[in-house]
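Asker: Here you go, one structure.
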Amino acid sequence: AAFTACQVTDTGGIDDNSFNQTAWKGVLDAQEQLGISGRFLESQAETDYEANINSLLGGQCDIIITVGFLLGDATKAAAEANPDQRFSIVDYSYEPVIPNVLGQIYATDEAAFMAGYLAAGVSETGILGVFGGINIPTVTVFMDGFVRGAEYYNAQHGTAVSVLGWNPETKEGLFTNNFDSLDDGRAFAQNLYDEGADIVLPVAGPVGLGSAALADELGVEKLKIVGVDADLYYTDTEKQHVYLTSITKQMDATVMQVIENTMNDTFEGGNLVGSLSNGGVDLAPFHDMDALVPDSLKQELAGIRQGIIDGTIAVDR
Amino acid sequence: MTDRTTTEKLARGRLIGRSEFEDLVLVPIIAVAAALILGALTMLATNVDLATIGRSYVALLVGSVGSLNALSETLTAATPLVLAGLGLALGFRAGLFNIGAEGQVLMGGMAAVIFGFSFAALPAVLLLPLSLLAGALGGALYASVAGWLRATTGAHEVILTIMLNSISYRLVDFLLSLPAVQKTGRADPISKSVPEAAELPRLLTWIDPNLRVHAGIFLMLAAVAVIFWVLFRSKLGFEFRASGENPEAARFAGMRSGVIIVAAMAASGALAGLAGANQVLGVLGRATPGFSAGIGFTAISVALLGRSHPVGVLLAGLLFGALEAGGRQMQVDAGVSIDLISIIQALIIVFIAAPLLVRAIFPWVFRRAQGAKG
Amino acid sequence: MTDRTTTEKLARGRLIGRSEFEDLVLVPIIAVAAALILGALTMLATNVDLATIGRSYVALLVGSVGSLNALSETLTAATPLVLAGLGLALGFRAGLFNIGAEGQVLMGGMAAVIFGFSFAALPAVLLLPLSLLAGALGGALYASVAGWLRATTGAHEVILTIMLNSISYRLVDFLLSLPAVQKTGRADPISKSVPEAAELPRLLTWIDPNLRVHAGIFLMLAAVAVIFWVLFRSKLGFEFRASGENPEAARFAGMRSGVIIVAAMAASGALAGLAGANQVLGVLGRATPGFSAGIGFTAISVALLGRSHPVGVLLAGLLFGALEAGGRQMQVDAGVSIDLISIIQALIIVFIAAPLLVRAIFPWVFRRAQGAKG
Amino acid sequence: MDIELRGVTKRFGEVVANADVNLTIRAGEVLGLLGENGAGKSTLMNVLSGLYRPDEGEILIDGEPARFEGPGDAIRAGIGMVHQHFMLVPVFTVAENVVLGVEPTGRADFLDLETARRQVHDIKEKYGLEVDPDARIENLPVGVQQRVEIIKVLFRSADVLILDEPTAVLTPQEVEEFFGIVRALRDAGKALVFITHKLNEIREIADRISVIRAGRIVGEGDPKRLDRKELAEMMVGRPVSFDVVKAPYAPGRTLLDVQDLTILRDNDEIAVDHLSLSVRSGEIVGIAGVQGNGQSALIEALTGLRRAASGQILFEDQDITHASVRARHRMGIAHIPEDRQRVGIIKNFTVAENMVLDTYYDERFSSGPQINWKTVNARAAAFAEDFDVRTPSVFESAGHLSGGNQQKLVVARELSREITLVVAGQPTRGLDVGSIEYIHKRLVEARDTGDGVLIISSELDEIMALSDRILVMFKGRIVAEFDATQGAVDKGAVGLAMAGAAA
Ligand SMILES: Nc1ncnc2c1ncn2[C@@H]1O[C@H](COP(=O)(O)OP(=O)(O)OP(=O)(O)O)[C@@H](O)[C@H]1O
Ligand SMILES: Nc1ncnc2c1ncn2[C@@H]1O[C@H](COP(=O)(O)OP(=O)(O)OP(=O)(O)O)[C@@H](O)[C@H]1O
Ligand SMILES: [Mg+2]
Ligand SMILES: [Mg+2]
């Protein structure tokens, strides 16, 4: 039989416009370019994770790709019980390493740092806003990077741009506690806007679409949105004009990479880190707002990118 | 009674008594107060300081009724709840526990959206009313399936409507992926937008473009009046109530239970469908999978809290709307966690639902109960 | 009626026998068949080809009962549904529409988990039973709140349990963020894991380590037997049923309705709590916010489909479990979308819930109905 | 055990149901409690049985003040009550209902239904109360349900027995047997309170009477020394005539023609077996029969509530065998159901709403889709006054009316419609003598003006007094017919036929 890659989504489902979908795109790309076959299983509740992984065991899958932090425990349990089955998990890693699991993780804070720097430079009110879906590391790492980037801007320029909604020290901030309510996305953005923020970073998957809708109503001169995961200029085409930029995680690229490794028998347990240096994370173009970003700021950003890749700028302070 | 009561005396209407005033005014006020106190204690227990508690309650008030924007948000949140709640109340009165409002909201909303963009060429005076009608029909038809099965096969309406709910989620996903419905150029489930002529116009954008309150509130008020009339003034409503109270007596009086069940479910579904249409035509402008947002389930509480009376449902819906709008403000102004806010909201509702609890806790406020059953 | 002839008696006996056979065996089989045919038509209408339809139905069968693993998954999915369904059935019998099983599942699960890791030092023979007991108590206490409010204040139990559900979600979030509960080193809401000694042991790992079926199935079977006994053999159950059927008569007979309501809610909640404990101790090993996974709501359908009879609930729960396990296989083997699978599952349940529909569609299979009401 | 009620007052809102009532109930004595409908008898007894708490006054048991928090306390104190409206669980069996609240239990809360059934069987044998312990209540005719209620109090072996209209739906035969039981209990030293509207019964069984009117005790006396007329006057406060005055028998065309009708019960048993009968304009036809011989099924079929298995029903020469209930109402068939509480009224509806329960659609009460409540209220008030339905206003819940007034409400509704045929099951069940007089007058009036009347009653006296023709039903067939227009019919002969002698 052909090489088969199987994917288990988290409760967001395969068409979540976010990381499940992007990861599945990696499988589809591999289907097209490498001639493999792909299958997926959607989880409807947290209790499905283990059952879903279970039903893919039994040899029909050459690699099982699980998506998301929330599947971490279930993937670990299945991997340990089935040492001959290869697994890869998107957005998660294990310490210590499990020999038959390859974790795909992303140094999102690198790109978020750039976004924070950019936003601080573009903001007119000097106030930025951020909120998250659930208080988990893969979400808060965006928020960390964003805040630190703004702080770095303040340090460079002697400004006092503030970021509402997240404190990287205490790990406390604004969370919708879900990844699906567009209403919440709207309401949280409204509240941040009321407090003076003119650029908001929603780190909550589709919830952010609600924030984008608000920005559209208010007008982009009053409120701009920074997208996450994919370049939302392309996936939220209806509201594309509200996005200043997006912090992208190229999960399709890493998933495809993992499939290729497995086919070539170069699969090894451990971690595959997507970073600015290998293109696993990035800052999307400014598209319609290109004109708003002064050339000097663009140059500073280029310098920061280099600095982060070189290691001369530490994004985690 | 020793001597014969005269006809006039017999036919004399009742005055609203003291106890009704207590039930309708005093009890809710004290219930809210009691819930707030309990909420404050909960917050204290979780280390929220007093100043924050004060600030959060001010925010709750300000965010629900303290500004034009707050009122607008309260009304916007209340409208679909009242509409769907009226539908459920109608069902309850007819003895039907329609748990399927959520699915009917979805079907109504889908019908309204699809009609709205499919007949975009119609003149505006027709397009909006017909889109709303499509919504009502969508909900009514979907609910009648359960009504018909209940009437002909005796299957329990609760299980039928639960199952129809889960079918509806899938049906929406499916409809939203049809080329004729899906927004062009999109791969995810989202419908085309309805033309402006099909939208429920916003009412106060001339004051502030952010005020979301829209013409749906007239729909809501009209629905309250119509349902009041139907339930208490019309023949149909009399039949609904009779078969809800005592189906056997209704049968003996020549009412046809099967027809009544189907009619009551259809009417109930029509209102839920209107609630869905109100959301897509008034708030969202298009349909996505989650647009029902639990309205159909919250409406169960709204209907029960309003004691299945149209005016009660209106008040209960406004309360829920106010709690939603005010809760949002609490989170922003005082940084109280959404968890605590939800708990306080639920407490308020429990206290209002349990008037005797209020009477028991604060007996001195009320006149002594008389002639209570032993 | 003074005397009845022996032949009449015999004739009646046989007829009843035949119709019970029909209700319990024939109708469900035909219902499933009818639902599958309708499901196939739905799939055809959405351009699924015949071969895939065939493959998907084979997968449904194989995935639910076709292998040891399939049976294991079916049982694992059925266990919490049966437990919570028994609780709801008990409530229904006592005339209480407990919609709050979801919250009781959550509270029971939390109590079991917290007890499990807090008393990890206890010997294994004590730890597991006591953790289960903690789960039952957690659910029982939480449900009694609603029972107590219903009994003392007359508030409607549906609204109370809905509100307690929403409070419970928040309570779980809150509990899971307490340092004493939260898994060390994590910022998201997730509890510490329970020690192995508190886990319901898996039964078949010696055959295949992936077989998840665990000792919870004994819990389930025991619960079916106990609830049967309680409902139909015990004095308490007699009182439950009497006040469910005619609360006035029960009250006049000297039963204390308040006590009965609280007791019935507590018993109902205890079973839901056990269902929660079963999930955290048997499947997950820890608690996260969504661990109830809608079990409490699905259990409403399970209880109603099982006509509030313990054995009926067991069968209905097994059906739901089989549909869940088989549906998963359908998705894997035939690539049918989860949407379609859910629709087919719901259709099967509607058909089984509406036996008269089946009789009406396939009248020739059944003996002619006679002497029905006009 | 002696009981004394001292200064008991019980109010419902503005209605004073009992006002400063003093009453003594002595061991070894049957106290007859008399009073017109709505006088406050049931309320007083409900206070005594712990269901209501008195607003004022107290209950003394053997001189000691007692305080009841609920019926359970009264039961434990040895007070048992047969309620006017049955307190039975319809889906439970007879045995289960009898032991309700006092279930015999074995080890570990085990419900010992075997013992229960045996005990029920013993009581049934001992007192000759014919009933199947395993029958489900919902399948039993009201007369049998009445027996179950009686067995219930006997089972509880209370010291004080309150019997609120226990004989309302018993046949004379059954009443005789029942009196045997009552005497035996009295002789065994129990205290009994007996409420009835049947004056003959009071005189036969009571040792002492108290009369209650408008909530107050207005008289006491020795029933043996008072005759029927005097008793009736004490009760109602005016002279009552017991004679039914009818115009000469002049029957017209056939209104109702039932041909070869067969009806099945829910469980497919045959209830009515190839039965034929007819009712003509200007006549009253009475059907006598022991409960359980298919009379209820016959009424249900005539009024469209039950399907006919075979045969034909013609009304004014039209085939109505398959016509709907509503269609028959519209054609002028009125129906007074035998079980008013269950099917005749809706307790949570107002008196006015109940008054139009099956006529609301009529142009008299509605225009288009709307009901004219003003008209309804006014007419309902007029009907209520006509039929002397005692209620504070037409906005009172029907469930708050006294039993007799509920019955009058149903009769008022049915007799104030456009009618040509009245089908009445137990039309005067639970009514006081004054009201019976009035209802009888109205039924006769209907006959005299050319309507047909079909009466089914367990009250043989009533059948004898009203009917022009008497049919006796036994095992689903008409087994005898008596012509009552040519002088009095022999009561004994009817009774024999009812017992199946002619079959
Ligand atoms: N629950 C109640 N609420 C309001 N009024 C009531 C209630 N119960 C009884 N009443 C009123 O109290 C009065 C006495 O009623 P009760 O039932 O005691 O009469 P009764 O003597 O038993 O009459 P009957 O012979 O018709 O049974 C009536 O006027 C009745 O309307
Ligand atoms: N004493 C009794 N014990 C047990 N079952 C009885 C008794 N009397 C009647 N039944 C049963 O009650 C059921 C209903 O009988 P019912 O008398 O109501 O029939 P019906 O046609 O309505 O006649 P009726 O008008 O005399 O009540 C029948 O199944 C009958 O066998
Ligand atoms: Mg009475
Ligand atoms: Mg009968």
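Asker: Condition (residue is surrounded by fewer than 22 Cβ atoms within 10 Å (Cβ to Cβ), more than 15 Å from the chain's Cα centre (by Cα) and among the aliphatic types (A, V, I, L, M)) applied to region B:70-79: is it met by at least one residue?
Answerer: yes
Asker: Let me ask something additional. All but one of (1) among the small types (Gly, Ala, Ser); (2) part of a strand (DSSP E or B); (3) crowded, with 23+ Cβ neighbours inside 10 Å hold for D:Gly311; state the number of the condition that does not hold.
Answerer: Of (1) among the small types (Gly, Ala, Ser); (2) part of a strand (DSSP E or B); (3) crowded, with 23+ Cβ neighbours inside 10 Å, only one is false for D:Gly311: (3).
Asker: For region D:409-437, give me each residue that is acidic (Asp, Glu) and under 20 Å from D:Leu460 (Cβ atoms).
Answerer: D:Asp432, D:Glu437
Asker: Now for a separate question. Sort out which residues of region D:481-503 are assigned to a loop (DSSP other than H, G, I, E, B) and more than 15 Å from D:Thr171 (Cα to Cα), and write them in order of number.
Answerer: Taking region D:481-503 and keeping what is assigned to a loop (DSSP other than H, G, I, E, B), we get D:484-490, D:499-503.
Across region D:481-503, the qualifying residues are D:Ala484, D:Thr485, D:Gln486, D:Gly487, D:Ala488, D:Val489, D:Asp490, D:Ala501, D:Ala502, D:Ala503.
Asker: Kindly indicate whether D:Val218 is within 14 Å of chain B (Cβ to nearest Cβ) and more than 16 Å from ligand 3 (Cβ to nearest atom).
Answerer: yes
Asker: Related question: If you take just the helices (runs of 4 or more DSSP H) that sit entirely in region A:132-233, which of them hold at least 3 residues that are more than 14 Å from chain B (Cβ to nearest Cβ)? Spell out how you get there, then give the answer.
Answerer: Working: elements: A:137-157, A:182-194, A:207-218.
Fully inside region A:132-233 and qualifying: A:137-157.
Asker: Let me ask something else. Any idea which of (1) open to solvent by less than 30 Å² (accessible area, probe 1.4 Å); (2) free of Cβ contacts under 8 Å to residues at least 40 places away in the same chain; (3) within 9 Å of chain B (Cβ to nearest Cβ) is the one D:Ile320 doesn't satisfy?
Answerer: (3)
Asker: When region D:263-282 is examined, which residues are found to be outside any loop (DSSP other than H, G, I, E, B) and either within 12 Å of ligand 2 (Cβ to nearest atom) or open to solvent by 60 Å² or more (accessible area, probe 1.4 Å) (or both)?
Answerer: Correct list: D:Ile263, D:Leu264, D:Ile270, D:Ala271, D:Val272, D:Asp273, D:His274, D:Leu275, D:Ser276, D:Arg280.
Asker: Taking strands (runs of 3 or more DSSP E) that fall entirely within region D:12-131, which contain at least 1 residues that are at the interface with chain C (Cβ under 10 Å from one of its Cβ atoms) and either aromatic (Phe, Trp, Tyr) or open to solvent by less than 40 Å² (accessible area, probe 1.4 Å) (or both)?
Answerer: Once the strands (runs of 3 or more DSSP E) in region D:12-131 are filtered for at least 1 residues that are at the interface with chain C (Cβ under 10 Å from one of its Cβ atoms) and either aromatic (Phe, Trp, Tyr) or open to solvent by less than 40 Å² (accessible area, probe 1.4 Å) (or both), what remains is D:79-82.
Asker: Yes or no: D:Ile287 of a type outside the set (Asp, Glu), over 27 Å from B:Ile260 (Cβ atoms) and not assigned by TED's automatic domain parsing to the domain that holds D:Val144?
Answerer: yes
Asker: Can you tell me which residues in region D:402-425 are within 16 Å of ligand 3 (Cβ to nearest atom) and open to solvent by less than 10 Å² (accessible area, probe 1.4 Å)?
Answerer: Hits for region D:402-425 are D:Gly403, D:Gly404, D:Asn405, D:Gln406, D:Gln407, D:Lys408, D:Leu409, D:Val410.
Asker: Ok, one more. Among the residues of region D:133-169, which ones are within 16 Å of ligand 4 (Cβ to nearest atom), outside any helix (DSSP H, G or I) and surrounded by fewer than 17 Cβ atoms within 10 Å (Cβ to Cβ)?
Answerer: Within region D:133-169, D:Ala135, D:Arg136 meet the criteria.
Asker: State whether one or more residues within region A:13-36 are farther than 14 Å from A:Met251 by Cα, facing another protein chain (nearest Cβ under 8 Å), without any contact (Cβ under 8 Å) to a residue 12 or more places away in the chain and not polar (S, T, N, Q).
Answerer: Taking every residue of region A:13-36 in turn, at least one turns out to be farther than 14 Å from A:Met251 by Cα, facing another protein chain (nearest Cβ under 8 Å), without any contact (Cβ under 8 Å) to a residue 12 or more places away in the chain and not polar (S, T, N, Q).
Asker: So D:Thr428 fits all but one of (1) at pLDDT 90 or above; (2) of a type in the set (Val, Ile, Thr); (3) open to solvent by 10 Å² or more (accessible area, probe 1.4 Å); what number is the exception?
Answerer: (1)
Asker: I would also like to ask the following. Quick check on D:Val285: is it closer than 29 Å to D:Gln486 by Cα, away from chain C (no Cβ under 14 Å) and under 27 Å from the mean Cα position of the chain (by Cα)?
Answerer: It is true that D:Val285 is closer than 29 Å to D:Gln486 by Cα, away from chain C (no Cβ under 14 Å) and under 27 Å from the mean Cα position of the chain (by Cα).
Asker: Still on this structure, please answer the following. If a residue has to be free of Cβ contacts under 8 Å to residues at least 24 places away in the same chain and part of a helix (DSSP H, G or I) to count, how many in region B:34-52 make the cut?
Answerer: Residues in region B:34-52 being free of Cβ contacts under 8 Å to residues at least 24 places away in the same chain and part of a helix (DSSP H, G or I): 7 in total.
Asker: If you take the residues of region D:374-388 that are open to solvent by 10 Å² or more (accessible area, probe 1.4 Å) and under 23 Å from the mean Cα position of the chain (by Cα), which of them is nearest to D:Val236 (Cα to Cα)?
Answerer: The residue in question is D:Asp388.
Asker: Still on this model: Here are some residues: D:Glu103, D:Glu149, D:Glu130, D:Glu177. Which one is in the same structural domain as D:Val30 (by TED's automatic domain parsing), modelled with pLDDT of 85 or more and either more than 10 Å from ligand 2 (Cβ to nearest atom) or among the acidic types (Asp, Glu) (or both)?
Answerer: Result: D:Glu149 is the single residue among D:Glu103, D:Glu149, D:Glu130, D:Glu177 that is in the same structural domain as D:Val30 (by TED's automatic domain parsing), modelled with pLDDT of 85 or more and either more than 10 Å from ligand 2 (Cβ to nearest atom) or among the acidic types (Asp, Glu) (or both).
Asker: Restricting attention to region D:326-352, and to residues there that are within 16 Å of ligand 4 (Cβ to nearest atom) and of a type in the set (A, V, I, L, M, F, W, C), which single residue is farthest from the other protein chains (Cβ to nearest Cβ)?
Answerer: D:Ile336
Asker: Just one of the numbered conditions (1) within 13 Å of ligand 1 (Cβ to nearest atom); (2) in the same structural domain as D:Gly289 (by TED's automatic domain parsing); (3) at negative phi is not true of D:Gly430; which one?
Answerer: It is condition (3) that D:Gly430 fails.
Asker: With out of contact with any strand residue (DSSP E or B) (no Cβ under 8 Å at 6 or more places or on another chain), more than 14 Å from chain A (Cβ to nearest Cβ) and over 14 Å from C:Ala78 (Cβ atoms) as the only criterion, which of C:Ser337, C:Ser342, C:Ser308, C:Ser292 stands out?
Answerer: Details: C:Ser337 fails: more than 14 Å from chain A (Cβ to nearest Cβ); C:Ser342 fails: more than 14 Å from chain A (Cβ to nearest Cβ); C:Ser292 fails: more than 14 Å from chain A (Cβ to nearest Cβ).
Testing whether each residue is out of contact with any strand residue (DSSP E or B) (no Cβ under 8 Å at 6 or more places or on another chain), more than 14 Å from chain A (Cβ to nearest Cβ) and over 14 Å from C:Ala78 (Cβ atoms) leaves just C:Ser308.
Asker: When you go through D:Asn22, D:Asn46, D:Asn18 one by one, which is the residue that is among the polar types (S, T, N, Q) and free of Cβ contacts under 8 Å to residues at least 40 places away in the same chain?
Answerer: One residue alone meets the criteria, D:Asn46.
The values are calculated or read from the model by the stated rules, or taken from the named source; none is laboratory data. From a predicted model like this one, the values you see are computed outputs, not experimental measurements. Backbone-built Cβ (ideal geometry, glycine too); neighbour counts: all protein chains shown. Calculation scope for accessible area: heavy atoms of the full protein, side chains included, ligands and nucleic acids excluded. Shrake-Rupley method; radii C 1.70, N 1.55, O 1.52, S 1.80 Å.
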